[in-house]
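Below is one structure, written out as structure tokens; the observations come after it.
The values are calculated or read from the model by the stated rules, or taken from the named source; none is laboratory data. Worth saying up front: this structure is predicted, and the values here are computed from it rather than measured. We place every Cβ from the backbone using ideal geometry, glycine too, and count neighbours over all the protein chains shown. These accessible areas exclude ligands, DNA and RNA; they are computed on the full protein's heavy atoms, side chains included. Shrake-Rupley method; radii C 1.70, N 1.55, O 1.52, S 1.80 Å.
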Amino acid sequence: MTPADLSRTVLHAVRRAVDEDALHAPVPARVRVERTRPGGSGDYACAVALQLAGPAGIPARGVAAILRERVMSEPGIGRVEITGPGFLNFHLDASADAAAHTALVREVLEQGLRYGWAPASPGRPHQLHHRREVRAAVTADSVGRLMRSQGAPVRTSCAEEPDPDWVRLRVTVDASGPPSVPVTETRPVPAGATAGELLERLGADAARWGLLRPAGHDRAALGDELLVQGEGNALFLVRYAHARARALTREGARLGLTGAYEHPVDAPALHAALADHPGVLAAAARHQAPDRLARHLETVADAFFDLLDATGPLPAGDEKPSAAHRSRLALAEAAGTVLAGGLSLLGISAPEHL
């Protein structure tokens, strides 16, 4: 069961409780479920009972008890505890979790670079408007990519004629001049450099990462550290993780091994990061915050390297290929797919070799 599945399950329980007159409170649009913090109880936790206690007119632990009755028998949930002032803590069923991991990896590999995308929704295009400044242009471009991934029609406009160098930064501007319709203006802290200067010093990929990785209200870090091929450079680690995943596929083919998730793989951090990807894309698009996606790709890369450190996906020495190897390779390939898809939404290339 993924966090999104669990969120829907809890939301359904809230609706049931309201429909059955067991709970008198407005049904929220969505319910937030988070992984339990170190030292906490269970696999996931939810604070929706605290949110509903006031409108319902009963203590949060009472709301939690009402919801607990309606979620504890759902498939994939092993046990539900109420802790603190009214938190719901979920222990997932191990067998159902294994089935969810299998379905997750297969979904990623089947959908490819479009994993986490939402169906297109017709309607009036959102117009993202920005001033003639490189960070604003790159941010609006990436926000547009993210919003399109979530099905929204988008067009971008610049207050003045675009800088010709923006094309080399893979920025697309649909219109220029004063907007004629209501717009959403993109106004991050300026970069303090022109596109031409950044391209000459960093190149397109490092420049875009440096402009997008910090939150828009923070100053962009655009130093030469973006070009360092080492652990201190998050961009390098993300792209290197993708390249390593592709290398594993090539080496597996040489050994006659094809990735297929058939056997449980003990990599909870990587499974969780892959499951979180659709939610991250939706949140990054909704909040117009490409930095959320950049940070998530770092999480995926870290979890991927943890998998490599814990157990090699490919047979070593005289070891014969097994279902465990095929499953580890499929999981590694899924990680590489998510990294490539995420980088493309940031407008950054994902090379096969580094």
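Here is how the numbers come out for the structure above:
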{"quantity": "Proximal charge balance of G76 [Cβ under 13 Å; K/R count +1, D/E count -1]", "calculated": "-3"}
{"quantity": "Burial ranking of peptide ranges 256-263, 288-295 (average Cβ count within 10 Å, highest at the top)", "calculated": "288-295, 256-263"}
{"quantity": "The chain - percent of accessible surface contributed by carbon and sulfur, probe 1.4 Å", "calculated": "51 percent"}
{"quantity": "Coarse-grained scattering of the stretch 280-348 at q = 0.14 Å⁻¹, given as base-10 log I(q)/I(0) from a Debye sum over alpha-carbon atoms", "calculated": "-0.52"}
{"quantity": "Prolate/oblate/rounded label for the stretch 23-136 (Cα gyration tensor, a/c 1.5)", "calculated": "oblate"}
{"quantity": "Long-range HN-HN contacts of S176 with modeled amide H, under 5 Å", "calculated": "C158"}
{"quantity": "Where N is the number of residues in the stretch 132-203, Cα Rg divided by 2.2 N^0.38 Å", "calculated": "1.10"}
{"quantity": "Proportion of all alpha-carbon pairs of the chain beyond 35 Å (%)", "calculated": "35 percent"}
{"quantity": "The stretch 74-215 shape via C-alpha gyration tensor axes, a/c threshold 1.5", "calculated": "prolate"}
{"quantity": "Computed E for R35/E225 - FRET, C-beta separation, R0 45 angstrom, nearest 0.05", "calculated": "0.90"}
{"quantity": "Derived scalar couplings ³J(HN,Hα) [the stretch 227-239; Karplus, 6.51 cos²θ - 1.76 cosθ + 1.60; whole Hz; x for Gly, Pro]", "calculated": "9, 6, 8, x, 5, x, 10, 4, 4, 4, 4, 5, 6"}
{"quantity": "Segments 342-348, 137-143, 180-186 sorted - mean Cβ within 10 Å per residue, highest first", "calculated": "137-143, 342-348, 180-186"}
{"quantity": "From the C-alpha gyration tensor of the stretch 218-354, square roots of 5λ in Å", "calculated": "28, 17, 12"}
{"quantity": "Two-site FRET efficiency, T258 against R79, from Cβ-Cβ distance with R₀ of 41 Å, rounded to 0.05", "calculated": "0.65"}
{"quantity": "Cα Rg, Dmax, the stretch 196-236, angstrom units", "calculated": "9.8, 28"}
{"quantity": "Mean projected area (nm²) of the alpha-carbon convex hull when the stretch 1-77 is viewed from all directions", "calculated": "4.9 nm²"}
{"quantity": "Average accessible area per residue (Å²) across the chain - probe 1.4 Å, nucleic acids and ligands excluded", "calculated": "47 Å²"}
{"quantity": "Environment charge at R328 (Cβ cut-off 11 Å; Lys +1, Arg +1, Asp -1, Glu -1)", "calculated": "-2"}
{"quantity": "Three-way shape label, the stretch 219-288, alpha-carbon gyration tensor, a/c 1.5", "calculated": "oblate"}
{"quantity": "Convex hull volume per residue for the stretch 135-266, taking Cα atoms only, in Å³", "calculated": "182 Å³"}
{"quantity": "Equivalent ellipsoid dimensions for the stretch 76-156 as semi-axes, Å, which come from the Cα gyration tensor, largest first", "calculated": "38, 20, 12"}
